[in-house]
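Peer 1: Quick one: the structure is below, and I'll ask about it shortly.
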Amino acid sequence: VEYPYGCAEQKASTSLALFLAADLGDAFSLPGMNPGEMKSVSQATLRELERFQCDSGGFAYWPGDCATVSPYLTAYVLHVMKSATDLGYTVDAGVRARAYDYLANALAAEPPAANEEWWPSYTAWQAFAVKVLAEGRRNIDSHATRLYGYRDRMPVFALAYLHDALRAKGEVSGDRVSDLRRRMVNAILPEAGA
């Protein structure tokens, strides 16, 4: 509540924490936290985030600094906005639609040069963006297929995002979903009996 910084990621994270905590109501006592106050602060913060959107539809780290527009940041802000909408908060539908369009266009851009060190980061933001688009009821078929082809280069959390994207689009079983689950389970390494 008292975090003093204000870039888009920090504002989105603040809003996310507040509306999720407010949704718990009085289930847990948080000193100095009033669920009703958290709801109003979160709603105001969601409205503030609209100032960070650029003409492209993407979100920048700072209002008006459209040189810092980021597909990953845009996906994160959309994730927060969708979560807020699901809990009954008001988020401008036009803001979300423009951001979804921006994200779809960013996913269609050419991949980076053949630098192997870049692939884990690249596939991670792409998988997260595809998950966000799928949860927003956008068509992700070609992106999911393309990313599935990169599964050997993806970190485990990106595999989880891709798995969630496939499930969000209705692919709850089948070879791809099974393969992604197998890869995630195989990445769990028990150590020292834990």
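Peer 1: Which ones in the range 154-185 are surrounded by 15 or more Cβ atoms within 10 Å (Cβ to Cβ) and farther than 28 Å from Asn115 by Cβ?
Peer 2: Of everything in the range 154-185, those that are surrounded by 15 or more Cβ atoms within 10 Å (Cβ to Cβ) and farther than 28 Å from Asn115 by Cβ turn out to be Arg167, Ala168, Lys169, Glu171, Val177.
Peer 1: Of everything in the range 133-172, what is touching a Ser or Thr at 6+ places or on another chain (Cβ under 7 Å) and not in a loop (DSSP other than H, G, I, E, B)? Give them in sequence order.
Peer 2: Across the range 133-172, the qualifying residues are Leu147, Arg153, Ala158.
Peer 1: Would you be able to tell me the number of residues in the range 29-56 that are part of a helix (DSSP H, G or I) and under 30 Å from Asn105 (Cα atoms)?
Peer 2: Adding up the residues that qualify gives 11.
Peer 1: Which is in a helix (DSSP H, G or I), open to solvent by less than 30 Å² (accessible area, probe 1.4 Å) and within 19 Å of Ser15 (Cβ to Cβ), of Val130, Val91, Val95?
Peer 2: Val95
Peer 1: Can you give me the number of residues within the range 64-109 that are more than 18 Å from Arg137 (Cβ to Cβ) and acidic (Asp, Glu)?
Peer 2: Within the range 64-109, residues that are more than 18 Å from Arg137 (Cβ to Cβ) and acidic (Asp, Glu) number 1.
Peer 1: For the list (1) modelled with pLDDT under 90; (2) open to solvent by 30 Å² or more (accessible area, probe 1.4 Å); (3) part of a loop (DSSP other than H, G, I, E, B), I need the number of the one condition that Gly25 fails.
Peer 2: It is condition (2) that Gly25 fails.
Peer 1: Any residue that is of a type in the set (A, V, I, L, M, F, W, C) and open to solvent by less than 40 Å² (accessible area, probe 1.4 Å) - is there at least one of those in the range 55-68?
Peer 2: Taking every residue of the range 55-68 in turn, at least one turns out to be of a type in the set (A, V, I, L, M, F, W, C) and open to solvent by less than 40 Å² (accessible area, probe 1.4 Å).
Peer 1: Is there a residue being over 16 Å from the mean Cα position of the chain (by Cα), farther than 21 Å from Glu135 by Cα and in a loop (DSSP other than H, G, I, E, B) anywhere in the range 65-73?
Peer 2: Yes: the range 65-73 contains one or more residues that are over 16 Å from the mean Cα position of the chain (by Cα), farther than 21 Å from Glu135 by Cα and in a loop (DSSP other than H, G, I, E, B).
Peer 1: Still on this model: Does the range 80-87 contain any residue that is outside any helix (DSSP H, G or I), open to solvent by 30 Å² or more (accessible area, probe 1.4 Å) and not hydroxyl-bearing (Ser, Thr, Tyr)?
Peer 2: The answer is yes, given that some residue of the range 80-87 is outside any helix (DSSP H, G or I), open to solvent by 30 Å² or more (accessible area, probe 1.4 Å) and not hydroxyl-bearing (Ser, Thr, Tyr).
The values are calculated or read from the model by the stated rules, or taken from the named source; none is laboratory data. Just so it is clear, the structure is predicted and the values come from calculations on it, not from any experiment. Note that we place each Cβ from the backbone using ideal geometry, even for glycine, and neighbour counts take in every protein chain shown. Heavy atoms of the whole protein, side chains included, go into the accessibility calculation; ligands, DNA and RNA do not. Shrake-Rupley method; radii C 1.70, N 1.55, O 1.52, S 1.80 Å.
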